[in-house]
Amino acid sequence: MHYLGIDVSLKSHRCALLDSEGEKVGASFSVDSSPEGFSSLLETLKKRNIPFDQVTAGLEATGHLWENLFSFLERQKIKVLLLNPFQTNRYRELLSKKAKTDDIDAFCIAGLLRSGEGRACYVPDDMVQGLRDLVRARNSFISNLQDYQRQAQALLQVVFPEITGLLKDPFAKVACEILRQFPTAKDLAGVHPRTLEKIARAFQGNNFGREKAEEIVEAAKKSIYSGKAQKARGQVLSSLVKQIVDLKTAIANLDQIINDTLNTPSKGPSEIDLITSIPGVGPKTAAVLIAEIGDISRFASANHLVGYFGFFPQIRESGGKRLGTPKISPRGPKHFRKALYMAAVACLKHNPEMKAVYDRKKSQGKAAKQALIVVARKLLATVYSLLRYQTTYNPLRLSIAAA
């Protein structure tokens, strides 16, 4: 057996070969991140008389740069493992390497493979990977949307503070279009109400009429806005509003694609059907859970799943004394933790069993947030059971129900 260590990078990848005795098989070499470069890797193996079925290759899971080379090697029937950088760093420290170069990294990866201690990372299939990208993009868009809305709200409080008392949502479709065309009170003061009414007619399903248009124009005429930097501030607000509208459209499109991805026909109940059978867990939360959990069989137990996503307190002690207040572990994607936490909040209203867990922890002296984290942990353990055993939610099977 031969062991191929590959240190991936953006433009080229450094490769090193070891045999079963740990001896170097030729000098290390580089391959470009291109079809020609990938082919040159195969040619090098052939020149060194190494059959593909006698090669175990390893790559670090650094960002997304490994994915295309990993898939290429798989198509060539070469055994390939995706390694956690934490493993390779620890192995490098064990070897007491004083320097860190591409060559050293490649030989460390090959050595880790030869030791038999390398543990392959989970590589999601096409559906899970696609869903993961969609969910993460949606989360990024929502974060950007909230930032733009905060900036627009702060500017609106200067250039037309009265509008927030006239419109329930200053970033609804009609309001956004009005603010895009007439962003400040000075701009709206010279507009006829009929113009605003005409803008509103372009959007279906709103109750924006002539009376509301007259109220806005009248409020603009009496606004406290001084008119300072009117042109520049108007341009900024108009741009922010346009970004808000575009992001809302993009999020709606992603929601539709995510829904189509999750609702593909299946013989039995789908994963989203299993997870949404829990009262308080909706389709959007289920999409995040499915995308980030992936294949449930890679987790040996519910505790393994909970630990993987960091829903446990970090306790620091020394000399019999506790150092500081225990804090929740920072492990796991933030959007996953947020989705699960918000699902725990929803469960307090819709799920009697989870509400019982919350009340019990509160009665034991836990703070509200601590009790919610316990509920989130219980919720994640429940999700594990549903996916593992392909069954829907049954409160009678929960230990808390009997209690």
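The values are calculated or read from the model by the stated rules, or taken from the named source; none is laboratory data. Keep in mind the model is a prediction, meaning the values are calculated, not measured. For neighbour counting, all protein chains shown are included, and Cβ atoms are generated from backbone atoms with ideal geometry for every residue, glycine included.
A few points about this structure:
- Residue list for the range 265-300, filter: in contact (Cβ under 8 Å) with a residue 24 or more places away in the chain and in a loop (DSSP other than H, G, I, E, B): Gly268, Pro269, Ser277, Ile278, Pro279, Gly280, Val281, Gly282, Gly294, Asp295, Phe299
- Filter pass, Val236 being assigned by TED's automatic domain parsing to the domain that holds Leu166, surrounded by 20 or more Cβ atoms within 10 Å (Cβ to Cβ), of a type in the set (A, V, I, L, M, F, W, C) and in contact with a Pro (Cβ under 9 Å, 6 or more places away or on another chain): no
- In the range 31-48, the residue that is nearest to the chain's Cα centre (by Cα) out of those that are surrounded by 14 or more Cβ atoms within 10 Å (Cβ to Cβ) and either of a type in the set (Val, Ile, Thr) or over 18 Å from Ser71 (Cα atoms) (or both) is Val31.
- Some residue of the range 214-228 being more than 42 Å from the chain's Cα centre (by Cα), more than 16 Å from Glu162 (Cα to Cα) and assigned to a loop (DSSP other than H, G, I, E, B): no
- Looking only at the range 235-278, residues that are at pLDDT 95 or above and over 23 Å from the mean Cα position of the chain (by Cα) come to 8 in all.
- Of all residues in the range 343-370, those that are without any contact (Cβ under 8 Å) to a residue 12 or more places away in the chain have Cβ atoms under 7 Å from Cβ atoms of residues that are among the aliphatic types (A, V, I, L, M) and buried (at least 17 other Cβ atoms within 10 Å of the Cβ), 6 or more apart or on another chain, in Lys355/Leu348; Lys362/Ala371.
- The requirement of being touching a residue at least 12 places away in the same chain (Cβ under 8 Å), out of contact with any strand residue (DSSP E or B) (no Cβ under 9 Å at 6 or more places or on another chain) and assigned to a helix (DSSP H, G or I) is fulfilled nowhere in the range 5-21; no residue meets it.
- Hey, Leu59 modelled with pLDDT of 90 or more, farther than 26 Å from Gly130 by Cβ and in contact with a His (Cβ under 9 Å, 6 or more places away or on another chain) or not: no
- Scope the range 49-71; condition crowded, with 17+ Cβ neighbours inside 10 Å and among the aromatic types (Phe, Trp, Tyr); matching residues: Trp66, Phe70
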